[in-house]
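Notes follow once the structure below has been shown.
What follows draws every value from the coordinates through simple rules; no lab data is involved. Because the structure is a prediction, the values reported are computed rather than measured. Methodologically, a virtual Cβ is constructed for each residue, glycine included, from the backbone with ideal geometry; neighbour enumeration extends over all protein chains shown.
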Number of protein chains: 2
Amino acid sequence: MNPILVLGGGPAGLSATAELASLGAPTLLVERESYLGGNPKRWHYSLLAPDLRPAEEVMDPLLERVTGRPEVELRLGTTLTKAERTATGFSVALRSADTTVTREVSAVVLATGFDHFDSRRKFEYGYGRYPDVLDFKELEGMIHDDKVLRPSDGRPPKRIAWILCVGSRDVQVGNPWCCRMGCAVSIKQAVEIRQKHPEIDAYVYYMDIRTYGLWEDLYWKSMQEYGVKFIRGRIGQVTVAEGGSRLIATGEDTILSRPTEVPFDMIVLASGMEPGTGTKQAAELFGVPVGPEGFLTPRLSDLNPVDSGIPGVFFAGAATGPKAIPDAVTEGMGAALRAFQYARR
Amino acid sequence: MNPILVLGGGPAGLSATAELASLGAPTLLVERESYLGGNPKRWHYSLLAPDLRPAEEVMDPLLERVTGRPEVELRLGTTLTKAERTATGFSVALRSADTTVTREVSAVVLATGFDHFDSRRKFEYGYGRYPDVLDFKELEGMIHDDKVLRPSDGRPPKRIAWILCVGSRDVQVGNPWCCRMGCAVSIKQAVEIRQKHPEIDAYVYYMDIRTYGLWEDLYWKSMQEYGVKFIRGRIGQVTVAEGGSRLIATGEDTILSRPTEVPFDMIVLASGMEPGTGTKQAAELFGVPVGPEGFLTPRLSDLNPVDSGIPGVFFAGAATGPKAIPDAVTEGMGAALRAFQYARR
């Protein structure tokens, strides 16, 4: 059997590769970056919502299951530049540095994932201009090292605000969808900080709190046990106070129905999810339909997200829409099973 | 190989069974009810959120894949009464009517699902006392047959209200978790009704709208294209107006910060999800840990929801927490793969 191609080495792609290998299927794992692990690795995720388990404890077993396995051929720093259907599957061109090789594969799992929204595009929040306005990915590293300090002056902040839905649910920036994990991750960060530094006040500005399913527990705990404060409202602008040492969040409290203008030492932006860099390209190469949001469209989204409807092409993870890690991993299993069945048909 | 036992014939169990059969594994599908299809079948789900595809179009292919297959032994109207670990898997006792048989199985997929919250327990809403207060499961059938009429007098309603989170996010009834689909299903119902009957006004009372991920599109469309109205607030009580022909919803509008008392012709309760009847029993029989909510607890909920951590026991679907159909189906695939690997080890 020609190998099964897994495109993308994040949680979904790692999961698919691990399962294919355990089924004894030769697997070709292609990742454009020079490392495996996807966004969790790239951005040094700290603890994962909702159970506050270290990201390494979740990612390492996945990485272990694909490394050093005879069934798995790993190609890092590699992109796909061509795909043509053949009698037995696809012929694909793989480019790394300035070399291109052609390979025959029997099926394809597209696990091209997501990119975090670039918070600079929401310019009214001052990200990139004000050093104490952070993206929540950056705060992950600070929390991980227990060094939650203002980048501007190295001082510990007294008041931190999280602004949810930055580049999500926002027609203005062209991203009307919800990122599915911004609420839970922000609340988790606020809890982590309040656990270690109860002297820091934590405020979360939200439209709707979407700790769906059993994640709700995290939301309630954050209020009742950790005193995280929630303000329903949309922040329109972040400015710097006279003197320059504090940030001012201006907007509307939609519960009190009044304008709000509150000083903070640090403001954290919960940046949304967009289709991954490789997703659009992969869609074109394999002729996969893409929705208005730019994510890959499963054949029957109401039935399962792994079947593309195109023979030999399967999906896993955030390539089809924002997704938390466990769902991406489960979809990796499903896509592996389907691809295996297709390849050995 | 002894068969793999799949416990539960809803979307997750059907998916697991279909995949096991396609892998050539002998599979024993046990369902306590006299039919397959789980809650979607039991409650005659109409169109599914978010794509408004008829439930049959999603469920029928699943049902087809398990019926008449030589690998699948189907036992309806059957419950599990005993499970003991053996050298090769488990010995289980299956009871149907007054007969009990013992079978050897090599692995187990627990797909015991959920039960809808019994809306009568939220007695202040008058479900079971006022005929025009419906559970949203009942409205599914009415929409399906295009007979949305007041049960009290058979007249078409002019104003319908949906109350979200009935038996969800509610410490009072002991269900603090979120049901994950109440928002989307209610909005979908309001859209379906407004599509066919634009003369009917639709109001949704909510705490947070949780149309997570790409489901957000449904929420915006419901407002912009179908004029569904959203009121942020908690309804405390439903009463009957003097004269008896209209219902009165009393509560607080938390955006306008004022009490609200609004008449409706029909009130629809979005009842939550609770662990399925068989879930607790299955947990006891197989020694599976159960969380404070009563759902089965995966070994690493941050990694994947299908591995129980107990050799030979796997999970799929709402047995581990509220879940939409596509996620349940995908978990069925994952659990099938894991159970297959375990059984043939």
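The table below lists the values:
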{"quantity": "Amide H contacts under 5 Å for B:Glu71, placed H, 5+ residues apart", "calculated": "none"}
{"quantity": "For A:Tyr35, inter-copy label distances in nm, listed shortest first [label point 7 Å out on the Cα-Cβ vector]", "calculated": "5.4"}
{"quantity": "Principal axis dimensions, largest first and in whole angstrom, of region A:65-206 by Cα", "calculated": "64, 39, 28"}
{"quantity": "Across the identical copies, how the B:Gly141 labels are spaced - nm, sorted shortest first, 7 Å along Cα→Cβ", "calculated": "5.9"}
{"quantity": "Dimensionless Rg/Rh of region B:217-345 - Kirkwood Rh, Rg from C-alpha atoms", "calculated": "1.18"}
{"quantity": "Karplus (6.51, -1.76, 1.60) ³J(HN,Hα), θ = phi - 60°, over region B:334-345, in Hz, Gly and Pro reported as x", "calculated": "x, 5, 4, 4, 5, 5, 4, 4, 5, 5, 9, 4"}
{"quantity": "Out-of-range pairs (alpha-carbon distance over 26 Å; input A:Lys323/B:Lys221; A:Lys137/B:Lys188; A:Lys82/A:Lys323; A:Lys122/B:Lys221)", "calculated": "A:Lys137/B:Lys188; A:Lys82/A:Lys323"}
{"quantity": "Karplus-derived 3J(HN,Hα), 6.51/-1.76/1.60, for each residue of region A:34-51, Hz, glycine and proline x", "calculated": "8, 9, 9, x, x, 4, x, 6, 4, 9, 6, 3, 8, 8, 9, 6, x, 9"}
{"quantity": "Relative contact order of chain A, pairs being alpha-carbon contacts under 8 Å that are 6 or more residues apart, as %", "calculated": "22 percent"}
{"quantity": "Computed FRET value (nearest 0.05) for B:Ser152 with B:Glu261, which takes r as the C-beta separation and R₀ as 25 Å", "calculated": "0.80"}
{"quantity": "Neighbour count of at most 14 Cβ within 10 Å plus DSSP loop: longest GluC sites (Glu not before Pro)-free window in chain B", "calculated": "B:1-198"}
{"quantity": "Scattering curve values for chain A, log₁₀ I(q)/I(0), Debye with Cα scatterers, q = 0.07, 0.10, 0.15 Å⁻¹", "calculated": "-0.32, -0.63, -1.17"}
{"quantity": "Cβ-based exposure ranking for B:Phe117, A:Phe123, in which fewest neighbours within 10 Å come first", "calculated": "A:Phe123, B:Phe117"}
{"quantity": "Amide hydrogen neighbours beyond the local backbone of A:Val240, cut-off 5 Å, H modeled", "calculated": "A:Ile248"}
{"quantity": "Radius of gyration, Dmax [region A:117-272; alpha carbons; angstrom]", "calculated": "14.4, 45"}
{"quantity": "Helix axis angle, A:182-196 relative to chain A longest principal axis, alpha carbon, degrees", "calculated": "60 degrees"}
{"quantity": "Distance between region A:65-141 and region B:43-103 - C-alpha centres, whole angstrom", "calculated": "39 Å"}
{"quantity": "Copies compared at A:Glu73 - label distances in nm, ascending, label defined 7 Å from Cα in the Cβ direction", "calculated": "4.3"}
{"quantity": "Where trypsin sites (Lys or Arg not before Pro) fall in DSSP loop in region B:72-161, at most 15 other Cβ within 10 Å", "calculated": "B:Arg129, B:Lys147, B:Lys158"}
{"quantity": "Electrostatic dipole magnitude of region B:35-128 [Cβ: Lys, Arg +1; Asp, Glu -1; Cα centre; debye, to 20]", "calculated": "300 debye"}
{"quantity": "Pair B:Leu76, B:Glu64: separation of 7 Å Cα→Cβ label points (nm)", "calculated": "1.9 nm"}
{"quantity": "HN-Hα J in Hz across region A:277-294 - Karplus 6.51, -1.76, 1.60, θ = phi - 60°, x for Gly and Pro", "calculated": "3, x, 5, 5, 5, 4, 4, 5, 4, 9, x, 8, x, 10, x, x, 7, x"}
{"quantity": "Those residues of region B:95-119 whose amide nitrogen sits under 19 Å from the label point placed on B:Ala87, 7 Å along Cα→Cβ", "calculated": "B:103-107"}
{"quantity": "Once the Cα gyration tensor of the protein assembly as shown is diagonalised, semi-axes √(5λ) in Å", "calculated": "38, 36, 23"}
{"quantity": "Estimated dipole of the protein assembly as shown in Debye, rounded to 20 [Cβ of Lys and Arg +1, of Asp and Glu -1, Cα centre]", "calculated": "240 debye"}
{"quantity": "Interchain or long-range residues, amide H under 5 Å from B:Asp170's placed H", "calculated": "B:Asn175, B:Trp177"}
